[in-house]
Amino acid sequence: MGKLEKSLFQAVDNSFLVIFRTIFGFLITAEAWGAIMTGWVRRAFIDPVMTFPFIDFSWLHPLPGNGMYFYFFIMGCFGVMVMLGYKYRLAIGSYTLMWSLVYFMQKTNYNNHYYLLVLLCFLMCFVPANRAFSLDAKYKPELKSSTCPNWCRLLFILQIGIVYTYAGIAKLNIDWLTAESIRMLLLAKKNLWLVGDLLQERWAHYFIAYGGVMFDLFITPLLLWKSTRKWAFITSIFFHLFNSAVFQVGIFPFMGIAMCIFFFDPVTIRRIFFKSRIEKTNMLVYPVNRPLLAALMVWVLIQLVLPSRHWLYDSNVHWSEEGHRLSWRMMLRSKSGHVNFKVVNPANDSTEMVDKSKYLTFKQQRVIATRPDMCWQFVQVLKKDYAERGWSDAEIYANGKVRLNNGLRQPLYDPERNLAKVEWYRFRKSDWLLPMEEDK
């Protein structure tokens, strides 16, 4: 057995996994039921006439009527079951499927943190988090165990390390390093109680910008190194609570804090939280599962490659959005703009301007101006709608301007292109998108 295999399948105390399962279950319950109570479900799924699923999931649509309220309520029930460790596999598998469908069902409210939750739920499906201090272990004593393979811990360390590192690398751009991105983001926070005015100070912009880069790039190695782990943990608490207070990003700052538990020695976690628990690892090594090992390697490879796919496109990812999603490019830019659609009937050369409010919420109208894939999806809806009205070969043109951070307002969509004839390419630059003026 090689050193890597021995390290991955070494038995370690599973107290850390039990604690994380409990916190994780509580947080995903809060995410599901909180989405109902804050009105997020209504705004994202009930009010809109149409939603924007991921293009490869165009068949995904919200449940009719008030169905999505029941959907999220049931999802929260599964979260409670995860927290208690009751029918754990069923609960976490069901929550993973339901949250993944929510994620792929709509892009108007896209957030990298929602994607992270998909990944964490998926990983939780495969770890034995219900083997101790759970209702499953109580009712089925044969499941009970005080250990788990070490890969259960290392996998989460690697996953969150990839997130932080890619997020830090993505911040190494001129708008972030000149604190312009942060300045634009904090303009909307000037009315925050106590700190609103402070956040408008130029020194605060630079402190937050460079503090964010340093945190993302170095928090993982600092948590891994025993000598700096305690101080890195304290820094992580401050960083995430600051994000929670200023940017209101839901459960995810607390998820970030909770994930620090994987970096601490499992025995240390047991001694802190379960002092009376007897250590039973006895240098046990679980049998090596090579198919599992291969699957883990594939997973890690995907996580390393996927955030880099924007290099496939000859474009500025902040401008064109090509390769932006699933890449941990968080809070890097502020984009605003508008777009209007003109429909031409070539049969009689008649023209009609589209009333976007008949199709889209106000937020959706703003988003399609800056997100090319959503603009293309909206054009497909218009194309079908006008075909049903007898405009079978309707030509559709988009005319608008977009502003990236504090740059010039300039067109993103080619106003001369008939978008009704445009195909969507997943791994090739869209030639109907105009480059930024500085990129010409």
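The values are calculated or read from the model by the stated rules, or taken from the named source; none is laboratory data. These numbers were taken from a predicted model, which means no experiment stands behind them. Neighbour counts run over all protein chains shown; Cβ positions are idealised from the backbone, glycine included. In case anyone asks, the SASA skips ligands and DNA or RNA and just uses the protein heavy atoms, side chains included. Shrake-Rupley method; radii C 1.70, N 1.55, O 1.52, S 1.80 Å.
In the stretch 54-62 there is at least one residue that is open to solvent by 20 Å² or more (accessible area, probe 1.4 Å), of a type in the set (Ser, Thr, Tyr), part of a loop (DSSP other than H, G, I, E, B) and modelled with pLDDT under 95.
Does the stretch 331-339 contain any residue that is more than 22 Å from the chain's Cα centre (by Cα), farther than 30 Å from residue 247 by Cα and surrounded by 14 or more Cβ atoms within 10 Å (Cβ to Cβ)?
Quick first cut of the stretch 331-339, residues more than 22 Å from the chain's Cα centre (by Cα) only: 337-339.
If we keep only those that are farther than 30 Å from residue 247 by Cα as well, we get none.
Within the stretch 331-339, not a single residue is more than 22 Å from the chain's Cα centre (by Cα), farther than 30 Å from residue 247 by Cα and surrounded by 14 or more Cβ atoms within 10 Å (Cβ to Cβ).
All conditions but one from (1) out of contact with any helix residue (DSSP H, G or I) (no Cβ under 8 Å at 6 or more places or on another chain); (2) not in a helix (DSSP H, G or I) apply to residue 277; the one that does not is (1).
Residues that are of a type in the set (Ser, Thr, Tyr), farther than 21 Å from residue 15 by Cα and open to solvent by 50 Å² or more (accessible area, probe 1.4 Å) within the stretch 214-269 comprise 227, 235, listed in sequence order.
Select from the stretch 4-48 the residues that are of a type in the set (Asp, Glu) and within 21 Å of residue 147 (Cβ to Cβ) and write down the one among them that is modelled with the lowest pLDDT.
So the first thing to find is which residues in the stretch 4-48 are of a type in the set (Asp, Glu), and the list is 5, 13, 31, 47.
Adding the requirement that they be within 21 Å of residue 147 (Cβ to Cβ) leaves 5, 13.
Working: 5: 86, 13: 93.
Looking at residues that are of a type in the set (Asp, Glu) and within 21 Å of residue 147 (Cβ to Cβ), I get 5.
Between 72, 122, which is in contact (Cβ under 8 Å) with a residue 12 or more places away in the chain, part of a helix (DSSP H, G or I) and open to solvent by 50 Å² or more (accessible area, probe 1.4 Å)? Outline the logic, then answer.
On the way: 72 fails: open to solvent by 50 Å² or more (accessible area, probe 1.4 Å).
Criteria check complete, one pass: 122.
Among the residues of the stretch 151-190, those that are more than 19 Å from residue 327 (Cα to Cα) and of a type outside the set (A, V, I, L, M, F, W, C) comprise 153, 178, 180, 183, 189, 190.
I'd like to check something: does the stretch 337-356 contain any residue that is in a helix (DSSP H, G or I) and modelled with pLDDT of 95 or more? Lay out the reasoning, then the answer.
At the first step, the residues of the stretch 337-356 found to be in a helix (DSSP H, G or I) are 356.
Checking the rest, the ones that are also modelled with pLDDT of 95 or more come to 356.
Checked the stretch 337-356: at least one residue is in a helix (DSSP H, G or I) and modelled with pLDDT of 95 or more.
For the stretch 144-162, indicate whether the set of residues that are assigned to a strand (DSSP E or B) and in contact with a Phe, Trp or Tyr (Cβ under 6 Å, 6 or more places away or on another chain) is non-empty. Explain how you work it out, then say what you get.
Going residue by residue through the stretch 144-162, those that are assigned to a strand (DSSP E or B) are 147-149.
Add one more test, that the residue is in contact with a Phe, Trp or Tyr (Cβ under 6 Å, 6 or more places away or on another chain), and what stays is 149.
Within the stretch 144-162, one or more residues are assigned to a strand (DSSP E or B) and in contact with a Phe, Trp or Tyr (Cβ under 6 Å, 6 or more places away or on another chain).
Per the conditions (1) in a helix (DSSP H, G or I); (2) within 32 Å of the chain's Cα centre (by Cα), the sole criterion not satisfied by residue 427 is (1). Does residue 398 fit the bill of being surrounded by 18 or more Cβ atoms within 10 Å (Cβ to Cβ) and in contact with a Gly (Cβ under 8 Å, 6 or more places away or on another chain)? For residue 398, the condition - surrounded by 18 or more Cβ atoms within 10 Å (Cβ to Cβ) and in contact with a Gly (Cβ under 8 Å, 6 or more places away or on another chain) - is not met. The set of residues in the stretch 357-402 that are assigned to a helix (DSSP H, G or I) and more than 26 Å from residue 319 (Cα to Cα) comprises 358, 384, 385, 386, 387, 388.
Here are some residues: 307, 291. Which one is open to solvent by less than 20 Å² (accessible area, probe 1.4 Å), outside any strand (DSSP E or B) and of a type outside the set (A, V, I, L, M, F, W, C)?
Values: 291 fails: open to solvent by less than 20 Å² (accessible area, probe 1.4 Å).
From the options 307, 291, the qualifying one is 307.
Residue pairs whose Cβ atoms lie under 9 Å apart, separated by 6 or more positions or on different chains, with the first residue in the stretch 212-229 and farther than 10 Å from residue 165 by Cβ and the second among the basic types (Lys, Arg) and open to solvent by less than 20 Å² (accessible area, probe 1.4 Å), are 212/171; 213/171.
Filtering the stretch 395-419 to residues that are modelled with pLDDT under 95 and among the hydrophobic types (A, V, I, L, M, F, W, C) leaves 404, 408.
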